[in-house]
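Here's the structure we're looking at; comments come further down.
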Amino acid sequence: MKKEIILFLSALLAYPTVSVLGNEPSTPARNTYAPIVTETPARAAGQTDMLEFAAAPLDTVRVGFIGLGMRGPDAVERFTHIPGTKIVALCDLEPSRVDSAQMILRRAGLPDAAAYSGSPEAWKQLCDRPDIDLVYVVTDWRTHAPMGVYAMEHGKHVAIEVPAAMNLDEIWQLIDTSERTRRHCMQLENCVYDFFEMNTLNMAQQGLFGEVLHVEGSYIHDLKEFWPYYHNDWRMKYNIGHRGDVYPTHGVGPACQLLDMHRGDRMTTLVSMDTKAVNGPDYLEATTGERPDTFLNGDHTMTMIRTANGKTLHIQHDVLTPRPYSRMYQLTGTKGFANKYPVQGYSFEPEQIAGGDNVPDHENLSAHKFVSASQKKALEKKYTHPIIREVGDRARKVGGHGGMDYIMDYRLVYCLRNGLPLDMDVYDLAEWCSLIPLSEISIKNGSAPVEVPDFTRGAWNRVKGYRHAMADPARDVMK
């Protein structure tokens, strides 16, 4: 309580007022609340950032998989379709899951991989192997960051399922380890590779929407049918014990790419609030017969974020109400608008609807609407993202959430084999995961503003604009 009182008094002292009439102060000035600040550790001597980092090209990407439960087997299957890869090792706590993954390799005509299981520490033996270049982590949230740190410490690049880190300590550990070891640390965020998102990103980069001012994203997915499948109920337990947006990356990732985060802009401040918890406790009571004494996470969480360049983001999380699935994905620009959920569409500056001498009819509420289906199709054909043109058909055949999972893995291998910067770096991981602890801090302090750390520690404006690295076609080893 003492800490909250000090924060409140500090905000009041930092909040000058101005007078509407120019006499005595009376109304609040803008941008005067002092946000809550978290510690940014100093970069170690001799350590440099990983912006646009490219490792030496790999002729073959030798990979080891840790975690073969819900998502791991599909990842193994996808890698059997990616040229220039070798599946060296498989690891899971349950031996039966390793055996099932071996069957995937056999069906693909590939040799069995080295098997590790039966011990909570078995994954370390996989990371210790000298014949692995990439460790692919598909375990539960609580183990992601420790496994990523250990893998990099043992000379491996690492790709970690979302969210890759659950608190600020883990985020800074991943950043510092990546910078010190000069190893890639990528978060496996598949939604940035969905077809609508990639084509819209290409349109935005070509200037169709003018200046992008506001973006929205979410993870709204009723998980009632899925809760029983999480080993030892780890995901529900996390929601019981934490408030805030605990799973933000599917929504915030595509939004951040539209706004060039740490490539000319950066998040500066966020504010979060949530509803009370209703459906979570009700679900547990209905399925277990016992109602928990506490259930911290609200049914619906909202986070608003401001950037250094005056842009805004709106991110939502809801896995407990019966709302239809949505990642929102909305873009508002000075010249146009894009929307994915619940209806895909694009709109641009409205046509003038004649109400006399070419005067707009302000009562025609449908004047500003999506372009026609044929116009949308023509736009998508013209502005199909180059990566979609390259591997889109193959991705649809291989699958993985409609193909975006395959594109994610293909691009990871593409960049490693061609010696290029990855599509997502450790600072993307940090920024997107930071909503987890920062939204909780905001909510626990009465929805107070919270400063978003500069995870690049001063380098956020050095790169101008987000772009995918592409190899010279004549030298592309994936051809």
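Here are some notes:
- Neighbourhood charge, 14 Å Cβ-Cβ cut-off, centred on LYS340 and excluding it, Lys, Arg +1 and Asp, Glu -1: -2
- For segment 258-354, the mean projected area of the C-alpha convex hull, equal to one quarter of the hull surface, is 9.6 nm².
- Near LEU58: Cβ cut-off under 11 Å, other residues only, Lys/Arg at +1 and Asp/Glu at -1. The net charge is +1.
- Placing +1 on each Lys and Arg Cβ and -1 on each Asp and Glu Cβ, with no other charges, gives the chain a dipole about its Cα centre of roughly 940 debye.
- Residue-count net charge about TYR150 - beta-carbon cut-off 15 Å; Lys, Arg +1, Asp, Glu -1: +1
- Pairs spanning more than 19 Å between alpha-carbon atoms, out of LYS86/LYS397; LYS156/LYS479; LYS86/LYS479; LYS124/LYS156; LYS224/LYS397; LYS335/LYS464: LYS86/LYS397; LYS156/LYS479; LYS224/LYS397; LYS335/LYS464.
- Dimensionless Rg ratio for segment 363-451, taking C-alpha atoms and the 2.2 N^0.38 Å reference: 1.66
- For the set HIS468, HIS368, HIS242, the ranking by accessible area, highest first and with no ligand, DNA or RNA atoms included, is HIS368, HIS242, HIS468 under a 1.4 Å probe.
- Rolling a 1.4 Å probe over the protein chains gives GLU94 an accessible area of about 70 Å².
- Beta bridge orientation in the chain: antiparallel %, DSSP, nearest 5: 50
- For segment 37-136: rounded, prolate or oblate by the Cα gyration tensor [a/c cutoff 1.5]: prolate
- Cα gyration tensor shape of segment 131-188, rounded if a/c is under 1.5, else prolate or oblate by comparing a/b with b/c: oblate
- Ordering MET236, ASN309, THR288 by Cα displacement along the dipole of segment 163-322 toward the positive end leaves ASN309 in first place; charges were set at the Cβ atoms of Lys, Arg (+1) and Asp, Glu (-1).
- Ordering TRP460, VAL477, SER447 by Cα displacement along the dipole of segment 433-479 toward the positive end leaves VAL477 in first place; charges were set at the Cβ atoms of Lys, Arg (+1) and Asp, Glu (-1).
- Translational diffusion coefficient of segment 152-247 (Stokes-Einstein, Kirkwood radius from Cα pairs, 25 °C, 0.890 mPa s): 146 µm²/s.
- Shape category assigned to segment 105-202 from the gyration tensor of Cα positions, a/c cut at 1.5: oblate
- Neighbour-limited loop hits for trypsin sites (Lys or Arg not before Pro), segment 428-474 (at most 15 other Cβ within 10 Å; DSSP other than H, G, I, E, B): ARG462, LYS464, ARG467
- Size of electric dipole in segment 91-241: Cβ of Lys, Arg +1 and of Asp, Glu -1, about Cα centre, debye, nearest 20: 320
- Average projected area [Cα convex hull, the chain], square nanometres: 28.7
The values are calculated or read from the model by the stated rules, or taken from the named source; none is laboratory data. Bear in mind the structure is a predicted one, so any value in this text is a computation, not a measurement. Note: ideal-geometry Cβ built from the backbone for every residue, glycine included; neighbour counts use all protein chains shown. In case anyone asks, the SASA skips ligands and DNA or RNA and just uses the protein heavy atoms, side chains included. Shrake-Rupley method; radii C 1.70, N 1.55, O 1.52, S 1.80 Å.
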